[in-house]
Each structure stands twice: as C-alpha cells, then as structure tokens.
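Beneath this line is the structure, given in structure tokens, with notes to follow.
The values are calculated or read from the model by the stated rules, or taken from the named source; none is laboratory data. Here the structure is a predicted model, which means the values were calculated and not measured. So basically every Cβ, Gly included, is an ideal-geometry build from the backbone, and we count neighbours across all protein chains shown.
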Amino acid sequence: MKNKRLRSKILSLLMLMALGLSGGWTYITYSRMPPLPVTRAVTLEAGADFQVTAQENLLVYPRGTVLPKDLAAYFYAADPQLVVFPSVDVSGLESGELSVDLDFKVRLLAADDRLGTYWTYDLEAIPGESFVLTPQKTTFTARGISLDAPGYYDLGVSIREEIDSNAGNLQLELLSTLQVTGTANGEKVVRQTRHTFDVMLQNTYFAIAVPPGDNVAQMTAVAASVPPTLRENFLRFAGIHYLLLALDGILLLGLVLSLVLRDRSASRAEAEHRRFKEWITEGTVEVRDKTPIRILTLEGLVDLAIDLDKRVIYDDQVKKYYVLEEDLLYSHDPREARGILDKKPQLGKLLLERGHIRQEQLETGLYYQQRIGSRLGESLIALGFINETTLHSTLAAQNQVNYVEVDPKIAGKDRSWLEKLDIKRARALNVLPLGKRPDGQWVIASGKPVTEELKKALEEIFESRVFLVATRPSAVFATLEYMGEEARQQWGGDLKGTGLTIQPYERLTQEENTAFTNAYYRGTLVRELLLKATGKVDPTALAPVSKGESVMDWLVDNDFVDLEFFNLMQGLERLIGRMDWDQRQEKMVPSMAEVLHESDYLTRDVVQWVAHESQLQKISEKDLLKNNLLASPTTLEKTQLLLTTHRSLLSLNPVEPDRDPLK
C-alpha cells in the first residue's frame, strides 16, 4: 500500500514537472506572437468662423473697422456686415480620400431654451460646395456667407406683428449639412452630420450665441479598432499552435487523474460533512415516538438547525443526520436524498429555470408529494409556492402547446358548439370550445394534457380539424358550470382597456421616472414603478406594506394585482433582461407575442407566425391574436396595458388612448 502511494506521488510530481515545462514553452511562444494592427479613428469636425465689419462711420467704430470676435454685442447703428466662413477639418486620416458635399440653409426663428421653437421661416437659398479631404489636405474653409442681421431682425418683427405674438427670442440660424462618402484607412465611409451657427437678434444689436471655438459638430467617420482582448488573442494563438495547447491539456488531465487516484475515498457525502462539520455533533438518536420529517439536503438541515438554535446530530452507524425539535424528528439520509434528487421531475427543473420557485421550495414540494401521494404541481400549489396559471402555462410550454387564460364569464357566452358537444360530455373530456378561427378550425381549450388521442376524438365529434390549446382545469369546470346554471352576471373585470386620461409617466415623480429608465438601461424592470404607472394601484394602498416585505407579493396576496398580470409582468422582465446594450439604448420594447411566449402562453412557432402574418395582413399583433383565438381578450388587454405603460415611461411622451403599442 505504501509503495502504491509512493508511486502515485512520484507520478503526480512527474506530471507537474512536465506540465510546468510545457506551460513555460507555451507562455514564451504566446508572448512572442506579433500583435494585430490597430486601426486609427478618423474624425471630422464641422465649425464656422465669422467676421463683423462696421459700414457706418461711428465715433467708436469708424467705417471699415473689423470688430473683435469677443464682443458681447454688435450694434445695428454701425450697420455691421456679418460674414460666416464654414469649415471642415479631418483628423486621423492616414490613407484614402473623403468626398464632402456641403449644403447651406438660412432660417429665421423664434425659440425659447425651456419651451422650444415657436415658429421658423426659411430665408434665401445658398449654393453649396463640394470638396475632397486627403491625408495631405485635411482642412477646408468655405466661401464667406453674408448674413444681413439688421434686415432679418426687421423681418422677424414684421412676422411677430403678423401672428400677434412676441413669444420666444428671435434667432438667425445658418445650418450646414455635410454628406461624407469615400474610404478612410481602408474602411468605406458614408456619413452625414450637421452644424449650426446661431445669431441672437435683439432690437438694437445682435450677438453670436456660441463662440466659434466652442461651436463644433464632431462626427466619427471610422471608429478606432479595439485592441484584441485576452480571449481573442488566445483563440488566435490556439488556431496556430493547437498541438502545443493539446499537449498542455493532456498533461493537465494526467495530473488531475493522478491526484484523483490518490484520494478516491473522498465522496460527495464526506465533502458535505466536512463543509458543515462545525454545526455537526456525532451521536445516536432514539427515533421512536417521533414524527419524522425528511430533508433532502444537508445544507437545508443545517439551515433548519440554525433557525431552531439546535445542533445537527450525525449517527455514524446508520449514516444519517438528525435535528430534534420536541416531538418532531428532522432527518437527512444522503443515499436516499441523492436518489430522489437525481430523478427530479422535468417540471421541477422547468419551474426552477424560469424562476417560479426556489431550490428549497422544490425540495419541500417533492417531500410533500411523497408524503401525500399527489403530483408535484399539485403539491407546489397546495404549499402556496405557485398558482394554477403558472403550473399549467409551464406544463403547456413543456409540451410545446399554446396556453390560453379562460375567463368563465366571457367564454361561457359562446354556445354555438353545443350542437356538436353537450356540457356533460365536455365536462367528462375536460375541454371547452372557444370558437372558430378564420380558417374554419375549432379552437378548443383542454384542462388536461393535450394528446393526439384527444385531438382525434374531438375532430370526430366536430367533423372538422381542431386546434388544441391548454388552460386551467378549474377555468374549464367553472365555465361549464356557469353555462349549465345559465348565469347572466355582467363581467366587469379589473381592466377597462388602455384609454388613458392620465399619462403613465405623469403618475411617477421625476426621480421615479429617472430611476425606472436607468434600471431599464441596466436590464432590470422596477415592477413597483411600472405597476404604479399603470394606475392599477393607488400609491396610498402601499402604506400597510411592512418593511422588508415584498411589495409585489403583498399586492398579489391582497388582491390588488391578479396573478395573470403578475405572470405577464415577469415575462416582460425576463425579456428586458436578455436584451443587449444597443437594444436598450434604442429604448426597444418587446412585442406582444414575445411577452406572451415568455409567459408560456404561446409557442415559438406561433410567435414567428404572428410576426409574419401581422406584416402580411397589415394588422396589429393584438388583432391577429384576438381574431385567431390564440389569447383571451383579458390577457391581450393586460399585455397591452403593460407594453403601453412601459413605452410611455421610456419616451416620456403622451400615449394616444387608442394607440396599439405594436404599431
């Protein structure tokens, strides 16, 4: 045994030495690899210089005097002649040439820094200029453009008298538009930018709004190439020296295997035991007259012991862990728990991946399932971890079937299908026909798993093709009961559409609007602010929420927000989290079909079909989904309210009451 251990140590040492030599050789080769060339940025700057010359003979300014550029005002009494010289400068151009078309436009306007522009008036057209910038010629100055500031002021006064308004300050604006094409440093360039030279017009003088040195419009024609990252350099190195890296990998694998062979006795259970040894005491436990409760993980048992202020007792004879609490006996059997967790149902994994439950909730549900003998989904509902909508929409996603949220008071109004299927038989099949699609197919909601056998049976009954969707069994039962009793209660619902008299962003303070937008740019959704902006919850209703309690959970538990609305909001939140940086900078909002897919209401194939048909038929996704009975009217209204509110908060612009957020 000792010789075997010695041989194992020698083998590990030899592997380590070989790996060190190979790794050193790899490092030296990598450090000598020539770097990739870096492209320099090419930038254009558009600006304008000016000159003011006195044309009247005054004591302070004799005729012909060129007035200084830093004067705060140029008085009309001197009959000043203003000439502007637009210019373009390029930097970083090492090769190629850029063709520039420079167009000019002069206009008179009245504007206010706070409220914006009141009116504009286009003045005479000015011929443009075209020129070429090269590495040798990097600067161009256009011919002088003369602006009659006093005359334009008189024109502005007459316009004010004509419209009977003195709102805003009179300004004279020279707009230069640059259209740039060509190649720069090996890159094709097609760019456009604008530069504005503003003159403030007063009743006795004019002033230059921004000094020439500060008034520059900058445009990047070619972005500088970013030096390759360590990962990119490594991939380039691996493509060249793959044999060297393969040798390193083989040696590393050999070293790992030799270390594993040295200590194969350290099992997962022993590793967990060592991890929590400071909370564990060895001993024996009398299990008679105790109510046993199994815990599937040692970590869960340790957490329970800490909460109860107890120690975990490990019985080495039976290889089990215990925590005693009066007549309760909490136990953890590593071998039994491993078998249960390795056979974890697919539904549990789906619920975990989608964030509907936590790991400890799944373990509790599995224990409850074994004790009571119910299904996992039913156990999780009974424990209050998920609701029926979450369970059956997830099951639908698992089976690649669309999910429809059925409202009994709406679905029960359509009785055209009773000629084919009576209520008693529909209850036995646990199905509810929702209506016919434009293509003639019956859309039928099923409260039990959709199978080919069920589809064939319904096609025989209806003598036509059927399209099956999933829904809550309780919704099917409630609708059939509603129809059987012929109830005629008017359905009001908690949504009245999205006709907004108060805009969503007006329900938030400026700080809250800013916080919501900043969170969106980081890829998160502030649910409480979005909910407040929809107007579904009065801010005063949140007063009873205790500190540390989840606001959303409190609102759902107290029936301020229904579970479906909460589920749709979670779907929108996940979509925003997966957006890339550029999409969030453009303030993109997911489509209605995408939100329904993320909330497990639609399959991916249906989402793609909706996107295609929406453009082909020139109708909104909402109308398409409604016409084809792919989602209930209630679900569509809730989704539209979420998207309309979200778009309003991002744009801070009023949303028209009848505006579809997808158009």
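What the table shows:
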{"read-out": "Strands (runs of 3 or more DSSP E) enclosed by the stretch 384-474 - at least 1 residues per element that are in contact with a Leu (Cβ under 8 Å, 6 or more places away or on another chain) and on the phi > 0 side of the Ramachandran plot", "value": "431-436"}
{"read-out": "Residues being assigned to a helix (DSSP H, G or I) and aliphatic (A, V, I, L, M) - total across the stretch 609-654", "value": "11"}
{"read-out": "Complete set of residues in the stretch 240-291 that are modelled with pLDDT of 75 or more, assigned to a helix (DSSP H, G or I) and β-branched (Val, Ile, Thr)", "value": "240, 250, 256"}
{"read-out": "Where residue 28 falls short, out of the listed (1) surrounded by fewer than 17 Cβ atoms within 10 Å (Cβ to Cβ); (2) in contact with a helix residue (DSSP H, G or I) (Cβ under 9 Å, 6 or more places away or on another chain)", "value": "(2)"}
{"read-out": "Residues that are surrounded by 15 or more Cβ atoms within 10 Å (Cβ to Cβ) and out of contact with any strand residue (DSSP E or B) (no Cβ under 8 Å at 6 or more places or on another chain), drawn from the stretch 399-416", "value": "405, 407, 408, 409, 410, 412"}
{"read-out": "Residue 467 being touching a strand residue (DSSP E or B) at 6+ places or on another chain (Cβ under 8 Å) and either outside the structural domain of residue 633 (by TED's automatic domain parsing) or not acidic (Asp, Glu) (or both)", "value": "yes"}
{"read-out": "Filtered residues of the stretch 323-374 (kept if among the basic types (Lys, Arg) and either modelled with pLDDT under 70 or surrounded by fewer than 14 Cβ atoms within 10 Å (Cβ to Cβ) (or both))", "value": "335, 338, 343, 344, 349, 358, 371"}
{"read-out": "Filtered residues of the stretch 305-322 (kept if more than 16 Å from residue 273 (Cα to Cα) and surrounded by 15 or more Cβ atoms within 10 Å (Cβ to Cβ))", "value": "310"}
{"read-out": "Matching residues in the stretch 238-251 - criterion: being closer than 17 Å to residue 28 by Cα and touching a Leu at 6+ places or on another chain (Cβ under 8 Å)", "value": "238, 248"}
{"read-out": "Qualifying positions in the stretch 183-200 - free of Cβ contacts under 8 Å to residues at least 60 places away in the same chain and within 20 Å of residue 112 (Cβ to Cβ)", "value": "196, 198, 200"}
{"read-out": "All positions within the stretch 578-597 that are at pLDDT 90 or above and either farther than 24 Å from residue 563 by Cα or part of a helix (DSSP H, G or I) (or both)", "value": "592, 593, 594, 595, 596, 597"}
{"read-out": "Selected residue [modelled with pLDDT of 90 or more and outside any strand (DSSP E or B)] from 190, 157", "value": "157"}
{"read-out": "Condition broken by residue 583, with the remaining ones in (1) surrounded by fewer than 19 Cβ atoms within 10 Å (Cβ to Cβ); (2) over 24 Å from residue 505 (Cα atoms); (3) among the polar types (S, T, N, Q) satisfied", "value": "(2)"}
{"read-out": "From 18, 41, 46, residue being over 42 Å from the mean Cα position of the chain (by Cα), surrounded by 14 or more Cβ atoms within 10 Å (Cβ to Cβ) and either closer than 30 Å to residue 249 by Cα or not acidic (Asp, Glu) (or both)", "value": "18"}
{"read-out": "Flag for residue 548 being assigned by TED's automatic domain parsing to the domain that holds residue 610, surrounded by fewer than 17 Cβ atoms within 10 Å (Cβ to Cβ), modelled with pLDDT under 85 and not in a helix (DSSP H, G or I)", "value": "yes"}
{"read-out": "Qualifying positions in the stretch 449-479 - exposed (fewer than 15 other Cβ atoms within 10 Å of the Cβ) and basic (Lys, Arg)", "value": "456, 465"}
{"read-out": "Given (1) surrounded by fewer than 16 Cβ atoms within 10 Å (Cβ to Cβ); (2) within 20 Å of residue 129 (Cα to Cα), index of the condition residue 166 fails", "value": "(2)"}
{"read-out": "Residue under evaluation residue 209, criteria (1) touching an Asp or Glu at 6+ places or on another chain (Cβ under 8 Å); (2) touching a residue at least 40 places away in the same chain (Cβ under 8 Å), criterion not met", "value": "(2)"}
{"read-out": "Residues satisfying the stated conditions in the stretch 460-474, i.e. within 32 Å of the chain's Cα centre (by Cα) and small (Gly, Ala, Ser)", "value": "470"}
{"read-out": "Options 475, 519: the member that is modelled with pLDDT of 85 or more and in the same structural domain as residue 632 (by TED's automatic domain parsing)", "value": "519"}
{"read-out": "Residues of the stretch 210-230 that turn out to be in a strand (DSSP E or B) and within 15 Å of residue 194 (Cα to Cα), as a count", "value": "5"}
